Amino acid sequence: MNQPLLLLVALVALPVVLLMTTAGCKKFEASAPDTYAVMIGKTPRLRGYWRLNEGQDATVASDSSSLAMHGVYKNSTSGNILFSQPGALVPAGEKADTAPEFIPNGYGYVDISDTAGRTSPPEFSIECWFKLKQPQPGTEILLGCYGLNSAGQMTAGYHIELDRVPDGSTELVKITGRLNPDIVLEASLGEAPLHEGWHHVVLTHEVADGGTTRLYVDASDGTPSVSVAGRRYVPNSKEAHPLRLAAGLGSPDPPRPANYFYRGLLDEVALYNVALFDDQVKEHFNHRL
């Protein structure tokens with residue numbers, strides 16, 4: 001058989017081959033990307049996830065993780081907390097995301113009690129989104145799980161605090177990750193308007209190599225803002241000192257149940273019993289955008 005005839009036979013058979021290979025095939029459809037909440041839920045060693053999307057006058061801050069360590073809103077019915085405010089998440093699949101606003105001069109906060117030591121493990125990561133509101137000088141505690149001695153000094157655990165310092169007509173905001181009592185990591189949100197809008201903060205501690213603590217603030221590339229190596233922290237084992245959101249533990253003199261109240265919005269608090277990798281922090285920050 002000569003070459004022209006072979007070519008003709010091949011061309012005639014081609015539609016048959018294509019029909020056989022495509023028969024029964026369905027059109028490929030890419031699956032939708034995970035929402036932020038699904039992504040957090042899939043993160044290994046998640047130990048608590050408080051979305052803080054409850055409605056007005058809520059009393060329970062639900063934990064979306066499998067451990068169900070539900071928290072309690074304190075003073076939520078006294079006008080100290082405004083619920084159902086626009087939250088941090090912006091993708092199309094999360095349009096209904098809401099967050100509570102802890103109002104200036106208010107006394108609202110959240111307590112998450114745990115008798116099994118799960119809120120202050122030897123190795124941990126804790127992250128959240130926050131949005132500052134009314135400028136006002138002073139120190140505010142964003143969240144923490146720590147213990148105090150009789151003099152009110154931190155002896156165990158961790159917390160993240162904000163310091164607002166007026167600088168002429170602007171406001172400087174410093175964010176500090178503090179672990180008992182001598183591990184201190186400081187970063188800056190800069191002057192207004194740089195610190196306006198939603199911010200992502202992650203505090204991690206790993207026990208390998210003598211202990212390393214990292215503080216990430218808006219880490220779009222996964223790079224820590226600051227880190228401290230060679231020190232291990234003491235986990236908070238006191239049942240009386242819960243994981244607290246939007247306030248500090250209070251003081252014995254004068255006696256008060258809480259202090260250093262946070263003024264602003266708080267959203268998507270997640271706790272893990274492992275130090276997140278830089279790439280995970282990067283993914284969590286960028287997944288919201």
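Quick notes on this structure:
- At least 3 residues being modelled with pLDDT under 90 is the threshold, and among the strands (runs of 3 or more DSSP E) wholly inside segment 155-234 those reaching it are 170-179, 183-191.
- Unique match (being surrounded by fewer than 20 Cβ atoms within 10 Å (Cβ to Cβ) and either of a type in the set (Phe, Trp, Tyr) or in a strand (DSSP E or B) (or both)) among Gln136, Gln85: Gln85
- Residue pairs meeting the criteria (Cβ under 6 Å; at least 6 apart or on separate chains; first at positive phi, in segment 265-289; second in a strand (DSSP E or B) and buried (at least 21 other Cβ atoms within 10 Å of the Cβ)): Glu268/Trp129
- Subset of segment 97-142 [over 18 Å from the mean Cα position of the chain (by Cα), closer than 24 Å to Gln56 by Cβ and among the hydrophobic types (A, V, I, L, M, F, W, C)]: Ile103
- Qualifying residue in segment 55-68 (condition: at pLDDT 85 or above, farther than 19 Å from Glu127 by Cα and crowded, with 18+ Cβ neighbours inside 10 Å): yes
- Meets criteria (of a type in the set (S, T, N, Q) and surrounded by 15 or more Cβ atoms within 10 Å (Cβ to Cβ)) for Asn75: yes
- With respect to the conditions (1) more than 16 Å from the chain's Cα centre (by Cα); (2) of a type in the set (Ser, Thr, Tyr); (3) at pLDDT 95 or above; (4) under 14 Å from Glu268 (Cα atoms), Tyr49 lacks only one, and its number is (1).
- For Tyr73, the conditions (1) modelled with pLDDT of 95 or more; (2) in contact with a His (Cβ under 8 Å, 6 or more places away or on another chain) all hold with the exception of (2).
The values are calculated or read from the model by the stated rules, or taken from the named source; none is laboratory data. Bear in mind the structure is a predicted one, so any value in this text is a computation, not a measurement. Glycine also receives a Cβ, built like all others from the backbone with ideal geometry; neighbour counts cover every protein chain displayed.
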